[in-house]
Amino acid sequence: MAELGMGPFPDSAGFAEAQAHDAADALAEFRSRFISDDPELIYLDGNSLGRLPAATSDHLEEVIAQEWGSRLIGSWGEGWWTLGRDTGDLLAPLIGAEPGSVVVADSTTVCLFKLAWGALRLRPGRTRVITDDLNFPTDLYVLEAATEAAGGGDVEVIQSHDGINGPVEAVEAALDADVALVTLSHVVFKSGYLYDMRRITEAAHEVGAMVLWDLSHSAGVVPTDLSGVDLAVGCTYKYLNGGPGAPAFMYVNPELPLENPLAGWWGHRRPFDFDLEYRPAADIARFQTGTMPILSLAAITPAAQIVAEAGIGRIRAKSVALTDYLIELADEVLSPLGFTIASPREAARRGSHVSLRHPDAWRVVQAMIDEGRVVPDFREPDNIRLGLAPLYVSFADVHNAVHRIAGLMREDRLSKYRRQRSTVT
């Protein structure tokens, strides 16, 4: 079988349009700030793991060689001890939060448990937690565990009518005086549906419930305003490009007397007194628990600085243009080949990834990676997610990716791939 053409498909409809968009791209220079050692590869999985910024390599080399290698234990008093809070302050304006209200620590799962448990403790006597079936499954597992740990109650999962759009009206209809907490993904992980954060938050507050938002798929790419919001968590390794397993962040409204269920010395008011009685810090530091993973934490700083320099407004504008362009191309080129759009078509209700559905999606993804040199990811049962990270994805990337997928289908490149899933999809 002949090798699949890699593009740039200059004779195909739309290529000149892609070139024109790239020529006018205000963020084009940021593409060179990221490591890319394969010019043929089109990486569309920044919604799972962002690319490596070149500045991160340089920064970590300094942290390892100078701070760890030379300064050794002295580095704890020269920036390491406050790095979780300092990084939180760096992230705060990127998520619309006040300085001092964000801390970086633990994984998103652990952070979510801490805040959910704390919220439930602030609403004694209320027995219901509201979420939806578009939420990331781990969030549902955590809510069940946090509810049980906080004394019991019911987690009510509201169903989406189409598996794409959030059940906004149904969530609002479920709100009453028994609801302690509403927790949703700001951008849902499969379809990319973007919730109206203000609308849901205000509706929950009207019945006295608290709201906890998971910003994992919106942080760094969708503007947010957390004024008036109770709680939020999110990861730093997607559009914030903090690296695999990078610690997560927690936002806590400064007016809330929230407790941390996992007391540890890093959250102590005077940790180096080594007091046997736990006394939580008065500020956001109380949500820290154990010793920080300094190397992973340090990697967030240069990556977040790039996002701050680019500006969330400009990033969002390009994200909308990229996803609009992808949907337009998919309708034209891929829908005749059995693909359907599984994301909202209205830009205001969409994050920065677009999901395609295909009956043989798993084999399509394998062929895309192995032969098309296009990296997406797969989500059960039939979703191909294309993450368009505006800092390093171009319009030509989108154009070429769509035409490579079409080439795979037309040349029947799927037949040699197994339908059995691998462990990581």
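Within the range 135-177, how many residues turn out to be in contact (Cβ under 8 Å) with a residue 60 or more places away in the chain and on the phi > 0 side of the Ramachandran plot?
Residues meeting the conditions: 1.
Could you please find all residues in the range 190-207 being over 23 Å from V354 (Cα atoms) and not in a helix (DSSP H, G or I)?
Scanning the range 190-207 gives a single hit, V207.
So that you can scan it fast, the table gives a plain yes or no per residue for (1) at pLDDT below 95; (2) at positive phi; (3) assigned by TED's automatic domain parsing to the domain that holds P390:
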residue	(1), (2), (3)
A26	no, no, yes
D38	yes, no, no
G46	no, no, no
A65	no, no, no
S70	no, no, no
G84	no, no, no
L91	no, no, no
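Hey, among the residues in the range 371-420 that are within 18 Å of the chain's Cα centre (by Cα) and aromatic (F, W, Y), which one's farthest from G14 (Cα to Cα)?
Ranking the candidates gives F378 first.
Residue by residue through the range 160-177, note down the ones that are surrounded by 19 or more Cβ atoms within 10 Å (Cβ to Cβ) and either among the acidic types (D, E) or in a helix (DSSP H, G or I) (or both).
Scanning the range 160-177 gives V168, V171.
Answer yes if at least one residue in the range 133-148 is more than 22 Å from V207 (Cα to Cα), in contact with a His (Cβ under 9 Å, 6 or more places away or on another chain) and in the same structural domain as A204 (by TED's automatic domain parsing), and no otherwise.
yes
Can you tell me which residues in the range 137-159 are part of a helix (DSSP H, G or I) and buried (at least 20 other Cβ atoms within 10 Å of the Cβ)?
Of the range 137-159, the ones part of a helix (DSSP H, G or I) are 137-149.
Passing the criteria: D139, V142, L143, A146, T147.
Of the residues V110, V129, V104, only one is closer than 24 Å to M250 by Cα, buried (at least 22 other Cβ atoms within 10 Å of the Cβ) and within 20 Å of the chain's Cα centre (by Cα); which? If you could, list the steps in order and put the result at the bottom.
On the way: V110 fails: buried (at least 22 other Cβ atoms within 10 Å of the Cβ); V129 fails: within 20 Å of the chain's Cα centre (by Cα).
Every option except V104 fails the conditions.
The values are calculated or read from the model by the stated rules, or taken from the named source; none is laboratory data. Computed from a prediction, not measured in an experiment: that's the story for all the values here. Neighbour counts run over all protein chains shown; Cβ positions are idealised from the backbone, glycine included.
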